[in-house]
Amino acid sequence: MAEESIIEFQNFSFQYFSQAQPTLHNINFSVKKGEKILIAGPSGSGKSTLGHCLNGLIPFSYKGEMTGSLKISGQETGDLDIFQLSKIIGTVLQDPDGQFVGLTVNEDIAFALENDNIPVAEMRERVSQAALLVDMQDFPISSPYELSGGQKQRTSLAGVMIDDVDILLFDEPLANLDPATGKTAIEIIDDIHRTSGKTVIIIEHRLEDVLHRNVDRIIVINEGRIVADMDADSLLSSQILRQHGIREPLYVTALKYAGVSVSPELLPGHIDTLKIETVSRPLQSWHDSVKPVLQEENQETLLELKGLNFSYDGIDRIIKDVSFKIARGELIAIIGKNGAGKSTLSRLICGFEKEDEGKIFYLGENIRNLTIKERAERIGVVMQNPNQMISKPMIFDEIALGLRLRNVEEVEIVRRVEKVLKVCGLSPFRKWPISALSFGQKKRVTIASILVLDPEVIILDEPTAGQDFRHYSDIMEFVVEINRLGVAIILITHDMHLMLEYTTRAVVLSEGEKIADTRPSEILTNQKVIKKANLKETSLYQLSQNAGIADGTAFVQNFIDHERMVRSR
Amino acid sequence: MKNKLFSYNYVDTPVHRLSGLTKLVCFLFLTFAVMFSYDIRVILLVMVFSLVILKISRIKFSQIRLMIIYVSIFLVTNAVITFFFSPEEGVKIYGTRHVMVNLFSRYILTQEQLFYQTTKLFKYASVIPLGIIFLLTTNPSEFASALNGVGVHYKAAYAVALTLRYFPDIQREYHNISLSQQARGLDMSRKARFSKRAKNALLIIIPLVFSTLDRIELISDAMDLRGFGKYKTRTWYNKRKFTREDITALIVSIMIFTGTILVSVFINHGRFYNPFL
Amino acid sequence: MKDYFKVTTKTIVATGLGAALFMLLFMYVKVPSPIPETSLQTAYGLGAFFAALFGPIAGALIAFIGHALSDAVQYGSPWWSWVIASGVCGAIYGLAYKRTGVKEGNFKGKDILVFNVIQVIGNVVAWVIVAPVLDILIYKEPVNLVFTQGVVAAGMNAVTVAIIGTLLLVAYAATRTKKGSLDKEA
Ligand SMILES: Nc1ncnc2c1ncn2[C@@H]1O[C@H](COP(=O)(O)OP(=O)(O)OP(=O)(O)O)[C@@H](O)[C@H]1O
Ligand SMILES: Nc1ncnc2c1ncn2[C@@H]1O[C@H](COP(=O)(O)OP(=O)(O)OP(=O)(O)O)[C@@H](O)[C@H]1O
Ligand SMILES: [Mg+2]
Ligand SMILES: [Mg+2]
């Protein structure tokens, strides 16, 4: 590895034109050529802003005041334009909607080459190689609306990797990927890093998933300042992650529950490097000490799906004969790989689409003929993509909209909106236009706008995508709180932590079919289901196996029970 | 909901096999031919020719039924109001007057008027099959490169590609905004009063416009980052090579176009064919 | 004046998406007008809004592409005379670009007047001059017919733009953030 710095920040600060305070303060760090860096930090801490400074969108597209120095390949970025920078640094943006500009998959992958006047024959060759790399070779002429969120993200990956740049920058590449695809993405990025020697920078909340493969350093940002810059072993042994509301890997949490004092000597940065001999005894005795919690009796059935079938175009069945029930006050998850039909199922339940066959019952009553508005009084849905829900330019008005349309009194509106704003951590921004929010903040606005209506069943489609651990916990605590009041909750998620931690049951979809409906700890230890639904075995299970604990499923369940106990204290 | 703007489906016919650029050039030549000429013989000839091509490209009636209905309504309306506004237009153009029937008051139907209106009707109608063939047999992915090929600046051509790319998204967004507004309590039923419906339309247009503005920022960022507009030209992934079939098609359409001009210059001595002289 | 006609990536994207929106409104969102058998084309209000934000080139292309494609979808082929008139109309709307303070968050009295004077000129030129002349040249339509049509179209479009275009610009100006105005509240 060469020793020269490819990126160098010196006393760098940045303040957006419209902001009263700088978003980045006095940043100092450098990245050596060929290094692989992870940038983590809470939502709104300035990670994307930092990325924009690197790829030239700041100041090319976003105006503001920059002080200090930022050098890339030895050149001051102020002296380079965005095209020169784009030859050095390739970016995958956070929002998948914008990244996919081509009419079809292959055209989108080819976009950068087209702009470079590459001849058609060479272009086709390179495009098919790139498509193969991200496993999108089967969809060369698919349009973006025929693809799931994850498939779009893979295409974006290919579109950036095709250009021969020195630095690759990924802004939350995992946000919409199912666990197995996320794992593959990390492996692809890692392989490219190792074989090409490119410098790689990943901005991501999902620390554990990124750490599936080695990274050289982790930089933690909080409120626009660097609070840590160290390797994974040291970071996981410190208190920094917890202090700044970033989630640590589950196996590290398990070690802490077992009373192990985690130190860099244990090499906790990766589950396979972890010195298992030192920790297996405490783990075993902790495992034996946890008392299993009894499952509660289920209450009356609130919502029941019976033999649902659905297709968008009358040809491909997207939902195949799906049936399940959810009781009052239950909190369940729907999981499954990208494109399995999870979002489609939620659209059926709230009446945005009509089922072709089968029935949906609410308290035993067939709701086929209820209008969207009538269903919405009982079932609220928060869509996956926040941009599709936001309809007002200002945050307060957006959240108040539903109440206003229901002619609630203005005093009452203010009271309820204020409460929700607080719960969702949005109070400081209440007077801002939505356009000034980060992606994660926008997502919270959409959750708030449904929570404020108090429905009896809430479907949350990827509620925590792009959220940091603190807001994730805040939102989930709020969800649990309303859940305790008897509101049933359905979470559609790719986040296995979320499922393990909060739900009592999960429905697994694969290619539109239900393939499992049971306790999360059982799902995540069942190899067959894991494989079929593109899930990922939890690191807890691997930890238990490495430590020689025979019943891995029980270990995972114990962890969950212990966690719930800790939380409810 | 309909996702694609044009119901393009690949069918293996000689017309589908032509490159987009060829089809665009042919379309323009033939359209200009019928727009220029006011000779019903030429117009009918081109129309028959294009109907044959329509047949060859195996376009199903169901695909174009709606268009035919719209066009028919337009043609009938146009015919009626033309006669209503200017019953003597034909006489003015052809310079003779052969009365056929006296309809009412000043509305006297003449052979000249009938001939003028028939010619105009076919003139309008004849471009329809041409347009339909072009739209339904050209892969939307080839549109932009074809436009660029006929001399449109690539940036303007890419704007068209973006329109095709994002129309389904915007249409779906419109749908979703309308659904999520309904879920929050907006009454969209047809029962609502007119003024209310106008206001509701605005309630959806405004968020749609603003989310589109946000999206413009995002997409132009992504395109800048991937080097759009770096050079004076760009290549197109979907540009097809010219084949012998392409050349043949181009020659045929150029011949028809020149033929039309020649007929006007040497036979009609003007754009009109006048059978009354 | 030079950057009046400057084309950046943003102009192109605005054109592409603006045209898509224009099409959507042109085909589906017609508000019936009080005059029977006619409707207000909300699309022109939108076109004027985009033209005022992104300039004459975007304005012209949005209306031209949007109108041409919607005609193509509905009738099978564009009606060139009216499509070209739409383009002219959009280009003239675009003269309002940089003549109002809408980007800085000011769109009041005088700005509203400037915008509306320009849009009325645009509508008159496009529908009372360009469209009828082309109709006569290409199709030999009767003179009195096309001018009557033109006057009606110009009037209705001017009204639509005056309502929808102005409302959109006012709403847009309200979302513009002033320098250093965003601060977290405790
Ligand atoms: N264009 C902008 N104009 C003004 N302020 C902005 C703009 N973009 C971001 N900000 C503000 O800068 C701060 C940092 O935003 P940024 O998008 O960098 O956060 P982030 O760390 O990437 O968050 P997330 O994890 O949610 O994506 C936020 O408070 C946000 O409101
Ligand atoms: N409006 C639509 N028209 C046609 N097909 C669609 C539409 N929406 C989704 N699909 C298709 O339906 C399938 C299921 O999509 P859906 O969005 O429900 O998946 P998902 O399980 O939510 O995936 P992800 O985890 O990536 O969000 C996909 O193959 C997708 O291409
Ligand atoms: Mg971000
Ligand atoms: Mg989904």
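Please tell me the relative contact order of segment A:5-247 in percent, rounded to the nearest whole number, where contacts are Cα pairs under 8 Å and at least six residues apart.
Values: 444 pairs, mean separation 64.7, N = 243.
Reported relative contact order: 27 percent.
Chains B and A: buried accessible surface, both sides, probe 1.4 Å, rounded to 100 Å²? Please list the in-between numbers first.
Values: alone 17710 and 24670 Å², together 37200 Å².
Roughly 5200 Å².
On average, how many beta carbons from a partner chain sit within 10 Å of the beta carbon of a residue in A:106-117? The partial results should precede the final answer.
Working: counts 3, 7, 3, 1, 4, 7, 6, 5, 12, 12, 6, 6.
The per-residue average across the peptide is 6.
What is the mean projected area of the alpha carbon convex hull for segment C:2-174, to one decimal in square nanometres?
Numbers: hull surface 40.2 nm².
Average of the hull's projected areas for segment C:2-174 equals 10.1 nm².
Lysine pairs in segment C:2-174 8 or more apart or on different chains: how many have alpha carbons under 23 angstrom apart?
9
Given just the C-alpha atoms of chain B, how large is their convex hull per residue in cubic angstrom?
Values: hull volume 53.6 nm³, N = 277.
Expressed per residue, the convex hull around the Cα atoms of chain B is 193 Å³.
Between B:LYS155, B:LYS123, B:LYS60, which gets the highest mean-square fluctuation from a Gaussian network model of chain B, Cα cutoff 10 Å?
Among B:LYS155, B:LYS123, B:LYS60, the largest mean-square fluctuation in the Gaussian network model of chain B belongs to B:LYS60.
Would you tell me the mean number of C-beta atoms belonging to other protein chains that fall within 10 Å of each C-beta in A:299-307, as a whole number? Write out the running numbers ahead of the final one.
Working: counts 0, 0, 0, 0, 0, 0, 0, 0, 0.
The mean count of partner-chain Cβ atoms within 10 Å per residue comes to 0.
Mind listing the Cα extents of segment A:1-99 along all three principal axes, in Å, largest one first?
Principal extents (largest minus smallest coordinate, Cα): 40, 33, 28 Å.
Could you rank the peptides B:157-164, A:84-91, A:20-27, B:265-272 by their average count of other C-beta atoms within 10 Å per residue, with the highest value first? Spell out each step's value before the answer.
Working: B:157-164: 25.6, A:84-91: 22.2, A:20-27: 18.0, B:265-272: 12.2.
Taking the mean over residues of other Cβ atoms within 10 Å, the ranking is B:157-164, A:84-91, A:20-27, B:265-272.
For a quick protection proxy, order the peptides C:72-85, C:133-146 by their average other-Cβ count within 10 Å, most packed first. Could the numbers behind the result be given before it?
Numbers: C:72-85: 21.1, C:133-146: 18.6.
Put in order of decreasing packing, that is C:72-85, C:133-146.
Averaged over all directions, how much area does the convex hull of the C-alpha atoms of the protein assembly as shown cover when projected, in nm²? Each step should come with its number before you reach the end.
Numbers: hull surface 176.9 nm².
Approximately 44.2 nm², given one-decimal rounding.
Rounded to the nearest 20 Debye, what is the dipole magnitude of chain B about its Cα centre when Lys and Arg each give +1 and Asp and Glu each give -1 at the C-beta?
Details: 34 positive and 15 negative charges, 118 e Å.
For this selection, approximately 560 debye.
Compute the distribution of all C-alpha to C-alpha distances in chain A, in bins of 10 Å from 0, and list the percent of pairs in each, rounded to whole numbers.
3, 16, 27, 27, 19, 7, 1
Mind checking C:141-150 for the average number of partner chain beta-carbons within 10 Å of each residue's beta-carbon? Can you show the working numbers first?
Values: counts 7, 11, 4, 3, 8, 3, 1, 2, 2, 0.
Mean number of neighbouring Cβ atoms from other chains: 4.
Calculated from DSSP H runs of 4 or more alone, at -39500 (n - 2.57) each and per residue, what is the 222 nm mean residue ellipticity of the protein assembly as shown, nearest 500? Don't jump to the answer; show the numbers that get you there.
On the way: 42 runs with 532 residues, N = 1032.
It lands at -16000 deg cm²/dmol.
Please list, or write none, the aspartates and glutamates whose alpha carbon is within less than 18 Å of the alpha carbon of B:LYS232, excluding same-chain residues fewer than 8 places away.
A:ASP81, A:GLU114, A:ASP116, B:ASP224
Using a Cα-Cα cut-off of under 24 Å, which lysines could be cross-linked to B:LYS23, ignoring same-chain neighbours fewer than 8 residues away?
B:LYS4, B:LYS55, B:LYS60, B:LYS123, B:LYS155, B:LYS239, B:LYS241
When ligands, DNA and RNA are left out and all protein chains stay put, how many square angstrom of accessible area per residue does segment B:140-237 have with a 1.4 Å probe?
Numbers: 3310 Å² over 98 residues.
In whole numbers, segment B:140-237 has 34 Å² accessible per residue.
Hey, can you find the accessible area per residue of chain A for me, probe 1.4 Å, expressed in square angstrom?
Working: 21580 Å² over 569 residues.
Per-residue accessible area for chain A comes out at 38 Å².
Please list A:SER280, B:SER37 in order of solvent-accessible area, largest first, computed with a 1.4 Å probe with all protein chains present. If you can, show how the numbers build up before the last one.
On the way: A:SER280 30, B:SER37 0 Å².
Result of the area sort, largest leading: A:SER280, B:SER37.
Return the carbon/sulfur percentage of the accessible area of segment C:2-174, one whole number, probe 1.4 Å, all protein chains in place. Intermediate values should be presented prior to the final figure.
Working: 4280 of 5850 Å².
About 73 percent, which is the carbon plus sulfur part of the accessible surface.
Which of the aspartates and glutamates could a cross-linker span from A:LYS32 if the Cα-Cα distance has to be under 17 Å and same-chain partners fewer than 8 positions apart are dropped?
Reachable aspartates and glutamates: A:GLU3, A:GLU4, A:GLU8, A:GLU76, A:ASP166, A:ASP190, A:ASP216, A:ASP229, A:ASP231.
Counting only the heavy atoms of the protein chains, how much of A:TYR312 is accessible to a 1.4 Å probe, in Å² to the nearest 10?
Roughly 110 Å² of A:TYR312 is accessible to a 1.4 Å probe.
Accessible surface of A:PHE469 in the full protein assembly, 1.4 angstrom probe, to the nearest 10 Å²?
Only protein atoms counted, so the area is about 60 Å².
Is any helix in chain C, taking whole DSSP H runs, at least 30 angstrom long along its axis by alpha carbon and on average at least -0.5 on the Kyte-Doolittle scale, and which ones? Please report the intermediate quantities before stating the final value.
On the way: long enough: none.
Qualifying helices, which must be both long enough and hydrophobic enough, do not occur.
The values are calculated or read from the model by the stated rules, or taken from the named source; none is laboratory data. Everything numeric in this text was worked out from a predicted model, so none of it was measured. Here the Cβ is made from the backbone with ideal geometry for all residues, glycine too, and neighbour counts use every protein chain on show. Side chains are part of the model used for accessible areas, which takes the heavy atoms of the whole protein and leaves out ligands, DNA and RNA. Shrake-Rupley method; radii C 1.70, N 1.55, O 1.52, S 1.80 Å.
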